[in-house]
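What follows is a set of notes on a single structure, which appears directly below.
Derivation of every value follows stated rules applied to the coordinates shown; laboratory data play no part. Note that the structure is a prediction, hence the values are computed from the model and not measured. Cβ sites come from the backbone with ideal geometry, for glycine too, and all protein chains shown count toward neighbours.
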């Protein structure tokens, strides 16, 4: 048997390190009521998805720092000053560091040490493809372990990446040079350090409650950054820290990790409703979520904060009333989403059959389904599901070429009346359309006529 | 439960029985840790269930499932898990009775593991193509569907990957 035959024979065998997979199929039972599958903890601006908050736990908490959340207390007090904040790459609990280390331009890659040399070699190697070659910060420096972090521009939002170096020979497979081996590397979502046993959580204001300068109770929905099986974390498993720092109120949430193995599904209304009492009316102070770093503004000047769009008035923005279907739905979805929400302009006889909760567009992809008069269907899926979740809208079928998705250009595919078009991700969002029972030309025409709903 | 729904569920069960090990192995080979790989397989099946349940005619469920799984596995947010998975695979081998899929021939075991360890050092796309071609036994046309590339591109990745394997394994055999 020659080498090629041996390789092919080996490739048909199961390697010894691959365990037997005997997990039962749980997908079917979990499908009921599921609106979207969540791949990874959600991030970004949050808007609570609760319309009613009956039976809430009312908690006021005091912490000894902006971000490090202390034991949950049931009394109200005003925090003066703040302990030094510690941040970490989310989920990487071994490395906490001061955000002060990220001040100014990074240049750790220019060092003369062997570690700096290893970093340079790594980012220029195929392993480090996509990592920046400059702008690195050294945020942990021990004799046996280093952690480098660099800022990258990912769409409109800044993001970070990390590279860990460990002293000594690798356990196998990792990039190694100069006596250092690369350990963990990849994206780094900076979060305030949660208390031991807790995971970070983000929160959003409940739009059902009016926020004014006189507000002393914040009605929020809390989303832990962990899989919860689609269930809200019980309120008594949540800790809230409130820090009053100058003209800012920084509210930081954390939640206990649920016991057992949890599936990663996102169900409408899975945020944990919470009421946070403030020591004094909100006034004109900025209200910030201290979970992300830097803290994200949720309200300013007594009004809920809507992040500005990087392209506030693109040429194809249209009034929601131009959309086929419920204009209020599209308006709310557009206002909730940080990305462009597209809707279809369809001939008479078409109806919107499914809309879901438009406010979900803040944190989950938006799905809109249309039914045509002759049984045709047109489905739009758009939003921040990134490359991975985008797979769920792709259809088996040959790629035909390019086609318009409104003012964007996407990949066209499909056959026999079922066609799809999807765009490349942009700023973390992507847009897809698919149809059944339509000719290719009709589908292309409808996809090209999609419009952006003005925010 | 309607006939269509029952049929979909049956089709899904059959696919799962036939392909779950390979789907799991594929996710691991792309770097996911065991737990993440299991999650990804379950998630893939959930998506397929929803797809079928919505009335979509999925012509090639195998390729569809590998395609979804591939995209799940290469998601950037999984980089950390990928590294963890790599580290797990590089741990010392477990006891022989905990190993699966081997025929008890020590020489063959060494060959298989050596080849798969070499696979782990290939670029991701080559790794995926070789896994799907040989371990999952998909023809290049269906690999193209699974990875969103053309059949000829899949064939090219396989050829390049095999050449790299030949080179590396030949070098390792040298005294």
Which of B:44, A:272 has the fewest other C-beta atoms within 10 Å, and how do the rest follow up to the most? A:272, B:44
Distance between segment A:422-455 and segment B:42-65 - C-alpha centres, whole angstrom: 21 Å
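What is the mean number of Cβ atoms from other protein chains located within 10 Å of the Cβ atom of each residue in peptide B:157-166, rounded to a whole number? Mind showing how you got there, number by number?
Details: counts 0, 1, 0, 0, 2, 5, 1, 0, 6, 5.
Average neighbour count from other chains, rounded to a whole number: 2.
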Most exposed first, judged by fewest Cβ atoms within 10 angstrom, A:223, A:4 run A:4, A:223
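Efficiency by 1/(1 + (r/R0)^6): what FRET value for residue A:300 and residue A:209, r their Cβ-Cβ distance, R0 = 25 Å, to the nearest 0.05?
Values: r = 17 Å, r/R0 = 0.67.
The formula returns an efficiency of 0.90 here.
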For the pair residue A:328 and residue B:166, how long in nm is the line joining their label points, each one 7 Å along Cα→Cβ? 6.8 nm
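Residues of A:410-422, mean number of Cβ from any other protein chain within 10 Å of their own Cβ, rounded to a whole number? Please list the in-between numbers first.
Numbers: counts 0, 1, 0, 1, 0, 1, 2, 1, 3, 0, 0, 0, 0.
Counting other chains' Cβ atoms within 10 Å and averaging over A:410-422 gives 1.
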Distance in nm between residue A:145 and residue B:11 label points, each 7 Å along Cα→Cβ, equals 4.9 nm
Quantify how strongly other chains surround peptide B:48-60 by giving the mean number of their Cβ atoms within 10 Å of each of its Cβ atoms. 4
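Based only on other Cβ atoms within 10 Å, what is the fewest-to-most ordering of A:303, A:219, B:157?
Numbers: A:303 14, A:219 20, B:157 24.
Going from least to most buried by this count: A:303, A:219, B:157.
What order do you get for A:443-455, A:134-146 when each peptide is scored by the mean count of other beta carbon atoms within 10 Å, highest first?
Working: A:443-455: 20.2, A:134-146: 16.4.
Order by mean packing, descending: A:443-455, A:134-146.
Would you mind getting me the FRET efficiency between residue A:415 and residue A:113? Use the beta-carbon distance for r and R0 = 45 Å, nearest 0.05. Show your work: numbers first, answer last.
Values: r = 58 Å, r/R0 = 1.28.
Step by step, r from the Cβ atoms, then E = 0.20.
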Fully extended, how many nm does the chain gain between residue A:133 and residue A:12 (0.36 nm per residue separation, minus their Cα-Cα distance)? 39.6 nm
Each label sits 7 Å from Cα toward the beta-carbon; between residue A:345 and residue A:178 the label points are separated, in nm, by 5.9 nm
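Please give the peptides A:241-248, B:29-36, A:106-113 ranked by average Cβ packing (other Cβ atoms within 10 Å per residue), highest first, as a rough proxy for protection. Before the final figure, lay out each step's value.
On the way: A:241-248: 18.4, B:29-36: 21.8, A:106-113: 15.1.
Sorting A:241-248, B:29-36, A:106-113 by mean packing, highest first, produces B:29-36, A:241-248, A:106-113.
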